[in-house]
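Comments concern the structure below.
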Amino acid sequence: MKRTLTCLLAVALLYGGAAFADDYREVWQCKAAEGKSIDDIQAVNSKWLKWMRKNVDKKVDSAVVTTVVGNLEGFAFVDTYPSLDTWSKGRGAQEDNEEMDEIQAAFNEVMTCKESSLMKHQPTP
């Protein structure tokens with residue numbers, strides 16, 4: 001199980017490697033709710049991303065990554081921020097926001113995410 005999560009995380013960190021030179025990636029480990037599909041999850045994530053780009057920074061990006069080989073039960077989100085300041089601004093902007101509360105409620109209907117990590121992406125020269 002740990003090896004599968006490590007492989008999933010490695011793939012997630014590689015995703016979009018050329019998007020930003022030095023950026024920050026928040027990786028969420030998640031499971032779909034019973035009867036929900038990746039399409040359902042991506043629909044909600046699209047709303048979150050649109051809100052973040054409008055209210056925080058147009059350079060914020062997000063991807064849903066799924067396992068190709070290994071434990072197929074879960075998936076991950078990889079949210080990419082151009083700077084630590086942008087990540088922090090995004091966190092603050094989401095608090096006490098009615099529209100974001102609705103988006104978060106929609107996320108809660110389609111999945112559960114138990115842990116996340118924030119990592120700095122530094123490409124090898």
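The figures follow:
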| item | result |
| --- | --- |
| Extreme residue, modelled with the lowest pLDDT, among residues of region 16-41 that are crowded, with 16+ Cβ neighbours inside 10 Å and not hydrophobic (A, V, I, L, M, F, W, C) | 16 |
| Test set (1) in a helix (DSSP H, G or I); (2) open to solvent by 20 Å² or more (accessible area, probe 1.4 Å) - residue 103 fails condition number | (2) |
| Single condition residue 50 does not satisfy, out of (1) part of a helix (DSSP H, G or I); (2) at positive phi; (3) charged (D, E, K, R) | (2) |
| Residues of region 67-100 that turn out to be hydrophobic (A, V, I, L, M, F, W, C) and open to solvent by 20 Å² or more (accessible area, probe 1.4 Å), as a count | 6 |
| Residue 46 vs. criteria closer than 18 Å to residue 117 by Cβ and at pLDDT 95 or above | no |
| Residues that are assigned to a strand (DSSP E or B) and either of a type in the set (A, V, I, L, M) or surrounded by 14 or more Cβ atoms within 10 Å (Cβ to Cβ) (or both), drawn from region 106-115 | 111, 113 |
| Tally of residues being over 22 Å from residue 29 (Cβ atoms) and among the hydroxyl-bearing types (Ser, Thr, Tyr) across region 50-85 | 1 |
| Residue match in region 46-66 (condition: touching a residue at least 60 places away in the same chain (Cβ under 8 Å), touching a strand residue (DSSP E or B) at 6+ places or on another chain (Cβ under 9 Å) and open to solvent by 10 Å² or more (accessible area, probe 1.4 Å)) | no |
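The values are calculated or read from the model by the stated rules, or taken from the named source; none is laboratory data. Owing to the predicted nature of the structure, the values given are computational and were not obtained by experimental measurement. Neighbour counts run over all protein chains shown; Cβ positions are idealised from the backbone, glycine included. We work out accessible area using only protein heavy atoms, side chains counted, and drop any ligands, DNA or RNA first. Shrake-Rupley method; radii C 1.70, N 1.55, O 1.52, S 1.80 Å.
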